[in-house]
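Everything below concerns the one structure shown next.
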Amino acid sequence: MARITPDNVTPLRAGMATANLLSTAPADDQHIPFIDLQAQRRRLGKRIEDAIARVLNHGRFVAGPEIDELEDRLSAWCGARYTISCASGTTALSLGLSALGAKYRDAVFVPAFTFVSPAEVIARLGCIPVLVDVVEDTFNIDPDSLVRGIQMAEEHGLTPRGAIVIDLFGQPADYPALQKIATAHGLWLMADAAQSFGASLQGRNVGQLTKLTTTSFFPSKPLGCYGDGGAIFTDSEEIATEVRSRRQHGQGDDRMTHVRIGMNGRLDTVQAAILLEKLTILGDELKNRDRIAARYAKGLGDLVDVPSIAPGRTSAWAQYTVRLKRTERDQVREVLEKDRIPTAIYYHTALHHHAPYTGYPRAHGGLPVSEKLARTVLSLPMHPYLEADLQDQIIERFRTAIAAVRGG
């Protein structure tokens with residue numbers, strides 16, 4: 001393993017897109033990626049190429065046999081009765097909201113500290129995204145803030161309909177507490193497991209914690225394809241039937257009959273073939289992520305706030321995100337960048353500060369934790385193939401950067 005030097009790591013700027021954080025060229029001594037997809041590809045050998053070749057040979061590029069096989073395998077993995085693959089995580093959110101009966105002007109609650117996709121699909125369906133706060137130590141939706149959001153919505157004449165619960169960075173949210181609130185107020189919960197597929201809560205796998213769960217197979221996710229992809233998990237036959245119909249232009253019993261408004265939301269067969277191969281090593285990769293997270297916690301826990309996993313939960317560790325002081329985060333990152341240590345900020349702007357979402361309602365009490373996290377979080381390299389000696393170097397350089405900034 002090559003050591004990190006100022007000449008062998010590509011620096012990462014705060015505004016770079018997630019796709020640019022991935023290894024998209026063969027890894028060598030000149031490039032140490034934030035997320036290393038090429039190491040995974042080397043492990044799989046020719047299996048990816050062979051899987052793609054099988055699709056090229058049978059020629060069923062849409063709705064090929066790999067689609068059904070993938071859906072069956074994903075259901076077997078997580079325990080959901082039905083899996084419906086689709087074109088992206090955002091597509092899954094949109095299909096899920098429609099299947100759950102979200103209507104025009106309904107209030108749908110969403111945490112303010114996340115990527116924009118959940119709020120985006122709520123607004124595009126004509127519903128009202130109501131922004132609620134998160135819990136600082138797990139980054140997930142705060143049940144108390146959800147209660148305050150429901151109160152605010154009702155006071156302003158909105159109809160509370162449901163909540164999108166996002167398992168940020170890989171750890172499931174507090175679904176037992178959230179379900180009690182949802183039941184008391186007649187709401188549904190939809191889990192956004194884009195970062196948590198493979199994790200569990202109290203012995204139950206992500207995919208069976210709510211009536212409907214969505215996920216993303218974007219390349220950087222714990223289970224990712226080589227493009228866009230997503231899926232919906234449910235135990236409801238009614239929901240599964242509707243999602244399949246909406247995914248295929250609202251199709252009825254035959255291709256020329258349409259019974260509802262839908263979209264072209266299908267996953268293509270090539271991506272399904274790739275995911276089938278990657279799914280075979282997911283369990284081992286999750287164990288590696290756990291080991292890497294533990295090594296970070298041991299090496300950095302005395303200096304910064306490292307992620308905490310609540311009792312009875314596991315994490316898929318989509319990101320390893322620490323919290324620093326507001327005044328030092330950007331300074332530490334600048335030092336690390338000069339030292340060619342790749343980092344990223346997820347997310348540097350809470351939703352209510354993005355221009356399209358500034359006018360949407362917020363829970364009583366505001367969104368102080370979301371705002372604080374946006375100023376203090378920093379994500380470090382995390383992938384299943386981060387070797388111990390390289391990680392030790394990252395930890396050493398991080399500690400040096402902290403000391404430099406703090407004057408220690």
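The values are calculated or read from the model by the stated rules, or taken from the named source; none is laboratory data. None of these values were measured; they are calculated from a predicted model. Note that each Cβ is placed from the backbone with ideal geometry, even for glycine, and that neighbours are counted across all protein chains shown.
Descriptive notes on the structure:
- Per-region count, segment 353-404, residues in a loop (DSSP other than H, G, I, E, B) and either among the hydrophobic types (A, V, I, L, M, F, W, C) or in contact with a Gly (Cβ under 7 Å, 6 or more places away or on another chain) (or both): 4
- Of everything in segment 43-60 that is touching a residue at least 12 places away in the same chain (Cβ under 8 Å) and in a helix (DSSP H, G or I), the residue that is farthest from T269 (Cα to Cα) is R43.
- Residue check for S85: touching a Lys or Arg at 6+ places or on another chain (Cβ under 8 Å), surrounded by 24 or more Cβ atoms within 10 Å (Cβ to Cβ) and hydroxyl-bearing (S, T, Y): yes
- Identity of the residue in segment 101-110, surrounded by fewer than 24 Cβ atoms within 10 Å (Cβ to Cβ) and in contact (Cβ under 8 Å) with a residue 40 or more places away in the chain, that ends up farthest from G149 (Cα to Cα): G101
- Selection within segment 353-367 - of a type in the set (A, V, I, L, M, F, W, C) and either exposed (fewer than 14 other Cβ atoms within 10 Å of the Cβ) or over 13 Å from A153 (Cα atoms) (or both): A355, L367
- Exclusive hit being under 22 Å from Q208 (Cβ atoms), of a type in the set (S, T, N, Q) and out of contact with any helix residue (DSSP H, G or I) (no Cβ under 7 Å at 6 or more places or on another chain), set T83, T91: T91
- Test for L189: is it surrounded by fewer than 19 Cβ atoms within 10 Å (Cβ to Cβ) and closer than 21 Å to L351 by Cα: no
- Search result, residues across segment 324-338 that are within 17 Å of I395 (Cβ to Cβ) and part of a helix (DSSP H, G or I): V332, R333, V335, L336, E337
- For R148, the test of being outside the structural domain of S315 (by TED's automatic domain parsing), under 24 Å from R313 (Cα atoms) and basic (K, R) is failed.
- Being in the same structural domain as R246 (by TED's automatic domain parsing), within 30 Å of D305 (Cβ to Cβ) and part of a strand (DSSP E or B) is true of P129.
- The number of residues in segment 293-323 that are without any contact (Cβ under 8 Å) to a residue 60 or more places away in the chain, assigned to a loop (DSSP other than H, G, I, E, B) and under 21 Å from K372 (Cα atoms) comes to 3.
- Evaluating R340 against the criteria (1) surrounded by 17 or more Cβ atoms within 10 Å (Cβ to Cβ); (2) over 23 Å from the mean Cα position of the chain (by Cα); (3) modelled with pLDDT of 95 or more leaves one unmet condition, (3).
- The single residue among K287, K221 that is under 30 Å from T321 (Cα atoms), of a type in the set (D, E, K, R) and assigned by TED's automatic domain parsing to the domain that holds I166 turns out to be K221.
- Of all the residues in segment 61-76, those that are in a helix (DSSP H, G or I) and loosely packed, with under 12 Cβ neighbours inside 10 Å number 2.
- For segment 235-281, a residue qualifies if it is of a type in the set (V, I, T), in a helix (DSSP H, G or I) and more than 17 Å from Y82 (Cβ to Cβ), and the qualifying residues are T269, V270, I274.
- If you go through segment 70-95 and keep only what is more than 27 Å from G203 (Cβ to Cβ) and over 16 Å from the mean Cα position of the chain (by Cα), you end up with just L95.
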